[in-house]
Each structure stands twice: as structure tokens, then as C-alpha cells.
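These notes concern the structure reproduced below.
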């Protein structure tokens, strides 16, 4: 794994967490739409669990998965931050931090650092050559 792939792990994990959060929202919406039908007909005692109960179980499972992923993300960001802050050049640190820990766009980084985007790319390239990854 090269330096760029190593640093991008946090971004991909963050996107996966956001995707799972969207899934939870969708399942919550489904669960709240569920309506029960009232009838005097006796229920089948052999019938399995209700669809609402199944949905709630899926929501809980997904939320537990999200919590595990968040724990992984926090640990991964701490590990990446340690690698970034081991660089000697503060500008290189800043570019990598803004890109791989804050997930900023190149344009936003350039504006915030008051540099051209080309200069940001040069700093980024130089930083990737200098960073030591702990895999």
C-alpha cells in the first residue's frame, strides 16, 4: 500500500459510515410508515415475527455496525495524524491534514492556505514522498 492509499482509508471509511447512516434513516422511515391492520380474525400462532420487529432488529444491527466503524475511523484517523505530524514541514502537514483528516477539496485547501492549486499539488506530492506510513 502506498502513502496515498494509506491516507485515503479514512475517507473511504467515513463514506461507508455515511452510507450506513442513510440506510438507518431509510429503515426508520419504513418502520414509522408501518401500520397495523385491526381484525377480529384470530392470528396464526405459528406465524413468525412481525415485519416491524424485523425492521427494528435490522436498524439495531446496522447501528451497532456503524458504532464499530466509527471506533475504527477514530483509531485510523489517530494513526494517520501521527504519520502526518511526523513530517518536518508544517505546510506539508497542513495540506495532508486538510485533505485526509478533514476531507477538504483541493480548491478549499488552496483558498484556506492562500496558495494556487498547482502549489498545493506540489506540496501534496512532496509530502507523499516524505511521509512514513505505519502499516
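The values are calculated or read from the model by the stated rules, or taken from the named source; none is laboratory data. Worth saying up front: this structure is predicted, and the values here are computed from it rather than measured. A quick note on method: Cβ atoms are made from the backbone with ideal geometry, for glycine too, and the neighbour counts reach across all protein chains shown.
Residues in region 55-66: is at least one under 30 Å from residue 126 (Cα atoms), in a helix (DSSP H, G or I) and at pLDDT 85 or above?
no
State whether one or more residues within region 101-117 are touching a residue at least 40 places away in the same chain (Cβ under 8 Å) and either farther than 30 Å from residue 27 by Cα or part of a helix (DSSP H, G or I) (or both).
No, region 101-117 contains no residue that is touching a residue at least 40 places away in the same chain (Cβ under 8 Å) and either farther than 30 Å from residue 27 by Cα or part of a helix (DSSP H, G or I) (or both).
Go through region 118-133 and report how many residues are in a loop (DSSP other than H, G, I, E, B) and surrounded by 10 or more Cβ atoms within 10 Å (Cβ to Cβ).
2
So is residue 96 in a loop (DSSP other than H, G, I, E, B), at pLDDT 95 or above, closer than 22 Å to residue 5 by Cα and in contact with a helix residue (DSSP H, G or I) (Cβ under 8 Å, 6 or more places away or on another chain) or not?
no
Counting only residues that are crowded, with 19+ Cβ neighbours inside 10 Å and farther than 14 Å from residue 7 by Cα, how many does region 99-109 have?
Initial filter on region 99-109 (crowded, with 19+ Cβ neighbours inside 10 Å): 99-100, 109.
Keeping just the survivors that are farther than 14 Å from residue 7 by Cα gives 109.
Total meeting the criteria: 1.
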